[in-house]
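Asks: Okay, handing you the structure first.
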Amino acid sequence: MQVGVEKNLRYVIFLGCTAALGGLLFGFDIAIITGAGPFLSKEFALGDLGLGWAFSSLLFGCILGCFFAGRLTDRYGRKKLLILVAFLFAATSLATALAPTFTAFITARFLAGLAVGGVSLLSPMYVAEVSPPAIRGRMGTLYQLSIVMGIILSFGLNYLLRNAGAGNWRWMFATGVAPSAVFLLFVLLAPETPRFLAMKGKYREAFAVLERTSGTKSAQIQMAEIKATMHLETKRSWRSLLRPGVRRALLVSAGLAILIHVSGINTIIDYAPAIFQSAGWKVDGALASTFIVGVTEFVFTLVSFWMIDRFGRKPLYIVGSLGMALSLFALVITVLAGWFHGVIVLTFILIYLAFFSACIGPVFWTLVPEIFPNDVRGNAMIVPVLIQWGANAMAVLLFPYAFHVVGKAITLGFLAVMALAQGVFTWLYVPETKNKRLEEIEAYWISSQRPARVEPV
């Protein structure tokens, strides 16, 4: 019996790692421009808004990418679209590296955003649909961990290639081809998810996957629940998102999607070198500090791996939001007191990232796919993922202007208030999903007659 359990666990970990590799490419493509930014700015003579457009063009592509992925995944499946995304990652890495003009660079980055947006929807969905309830949180954390690993990889390559001569930024982007090939290989070896197979009426194939991930007894229970929740007549209709329960889940997911980015995470990561330079660091020191940023994210995401299935999603989100808010308010004080320089700035940014990495990032990408019903998950996921990319793109586009023109204190203060609002929103409206089967979570939303302010029974 123990051998069977270990075999199931190994298979689940393999599937989780497969989807998580998509997260690695997500993190890599998002962060590789961090070190390339100073060299791009010099080569193309970019101002604040031009630099903001160079950073955010990928994010606007993400909006379109997650939309199409969500629309197509319920038709063609999670696996086929992940294969397409892997090819797109490789192609756009080369196109960005070879871009002869700034316009060509922006176009290539926008197309790369299609892949990042697609994988940001598909990979968490895949993890949620193949993971047993008891370890689904840790499997979701594995996805966030891989995002952080992609960020660290990009920061390390940025630092190693900083003195590679003219066009060093081209080599930074070209390195993305290698992880794209590894991701493609893993996806080709992985099965389709049992929820999608059941949606298509392939119950025997769905049961076979469930049996390999959860064991026979659990697979039988899950299969019965999956069949009971498959509203086949509405599965591809936008109107199905207006069903009782689904509406409430959409509103909660949309709120979380906005708040996770207007509280500053991608502006801090993307513009870390610029922030450190404004605090008195030289270019080499600023780039080296980004590696410390990446390692901090990695270490505290590992902490989340231990906590998420032990303490639950909601408590972590509230604690993380409060910690982020306090560290940002501390940065505002350093600006007003004239202490915004050197190690002080680095310390508070690392504290901010520690709370985000341990409590917010892994929980967001675990929680969002959990809360939607099986038959509408593809369409429903479009809403929060598209919104979070839109909020991300606008924050990254406007941050350089706000930071330098509106002012550091006002900009950082706004981010702090949004982090605090995120904690309050979670406390009021987000339910706990720890150890709940996806079908149980769906039943909770349907049975609830008011906004989710209490833990599901």
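Asks: Filter region 31-54 for residues that are open to solvent by 10 Å² or more (accessible area, probe 1.4 Å) and in contact (Cβ under 8 Å) with a residue 60 or more places away in the chain; which is nearest to ALA112 (Cα to Cα)? Outline the logic, then answer.
Replies: First pass over region 31-54, keeping only residues open to solvent by 10 Å² or more (accessible area, probe 1.4 Å): 38-39, 41-51, 53.
The next check asks that each one be in contact (Cβ under 8 Å) with a residue 60 or more places away in the chain; those that pass are 38-39, 43-44, 48-49, 51, 53.
Values: PRO38: 20, PHE39: 20, GLU43: 21, PHE44: 20, ASP48: 22, LEU49: 20, LEU51: 17, TRP53: 14 Å.
Restricting to residues being open to solvent by 10 Å² or more (accessible area, probe 1.4 Å) and in contact (Cβ under 8 Å) with a residue 60 or more places away in the chain, the top hit is TRP53.
Asks: Has region 273-291 got any residue that is at pLDDT 80 or above, assigned to a helix (DSSP H, G or I), out of contact with any strand residue (DSSP E or B) (no Cβ under 8 Å at 6 or more places or on another chain) and of a type in the set (Val, Ile, Thr)?
Replies: Narrowing region 273-291 to residues at pLDDT 80 or above: none.
The answer is no, given that none of the residues of region 273-291 is at pLDDT 80 or above, assigned to a helix (DSSP H, G or I), out of contact with any strand residue (DSSP E or B) (no Cβ under 8 Å at 6 or more places or on another chain) and of a type in the set (Val, Ile, Thr).
Asks: Could you tell me which residue of region 163-204 is farthest from LYS80 (Cα to Cα), considering only residues that are touching an Asp or Glu at 6+ places or on another chain (Cβ under 8 Å) and aromatic (Phe, Trp, Tyr)?
Replies: Applying the filter and picking the extreme gives TRP169.
Asks: Filter region 301-310 for residues that are open to solvent by 10 Å² or more (accessible area, probe 1.4 Å), of a type in the set (A, V, I, L, M, F, W, C) and either touching a residue at least 60 places away in the same chain (Cβ under 8 Å) or touching a strand residue (DSSP E or B) at 6+ places or on another chain (Cβ under 7 Å) (or both) and give the result.
Replies: Residues of region 301-310 open to solvent by 10 Å² or more (accessible area, probe 1.4 Å): 302-303, 305-307, 309-310.
If we keep only those that are of a type in the set (A, V, I, L, M, F, W, C) as well, we get 302-303, 305-307.
Result: LEU302, PHE305.
Asks: Then there's this: Has region 114-135 got any residue that is closer than 30 Å to MET223 by Cα and assigned to a loop (DSSP other than H, G, I, E, B)?
Replies: yes
Asks: In region 170-220, which residue that is at pLDDT 90 or above and among the acidic types (Asp, Glu) is least open to solvent (accessible area, probe 1.4 Å)?
Replies: Going through the qualifying residues, I end up with GLU192.
Asks: Considering every residue within region 283-298, establish whether at least one is under 20 Å from ILE441 (Cα atoms) and within 17 Å of the chain's Cα centre (by Cα).
Replies: The first filter runs over region 283-298 and keeps only residues under 20 Å from ILE441 (Cα atoms), leaving none.
Checked against the condition, which is being under 20 Å from ILE441 (Cα atoms) and within 17 Å of the chain's Cα centre (by Cα), region 283-298 yields no hits at all.
Asks: Could you list, in sequence order, the residues of region 327-343 that are open to solvent by 40 Å² or more (accessible area, probe 1.4 Å) and either among the charged types (D, E, K, R) or free of Cβ contacts under 8 Å to residues at least 40 places away in the same chain (or both)?
Replies: Once the filter is applied, which keeps residues that are open to solvent by 40 Å² or more (accessible area, probe 1.4 Å) and either among the charged types (D, E, K, R) or free of Cβ contacts under 8 Å to residues at least 40 places away in the same chain (or both), region 327-343 yields ILE333, ALA337, GLY338, TRP339, VAL343.
Asks: Go through (1) touching a residue at least 60 places away in the same chain (Cβ under 8 Å); (2) within 30 Å of LEU160 (Cβ to Cβ) for SER218 and report which single condition fails.
Replies: In the conditions (1) touching a residue at least 60 places away in the same chain (Cβ under 8 Å); (2) within 30 Å of LEU160 (Cβ to Cβ), SER218 misses (2) alone.
The values are calculated or read from the model by the stated rules, or taken from the named source; none is laboratory data. Fair warning: this is a prediction, and the values are worked out from it, not measured in the lab. For neighbour counting, all protein chains shown are included, and Cβ atoms are generated from backbone atoms with ideal geometry for every residue, glycine included. Areas reflect the complete protein model, heavy atoms only, side chains present, ligands, DNA and RNA absent. Shrake-Rupley method; radii C 1.70, N 1.55, O 1.52, S 1.80 Å.
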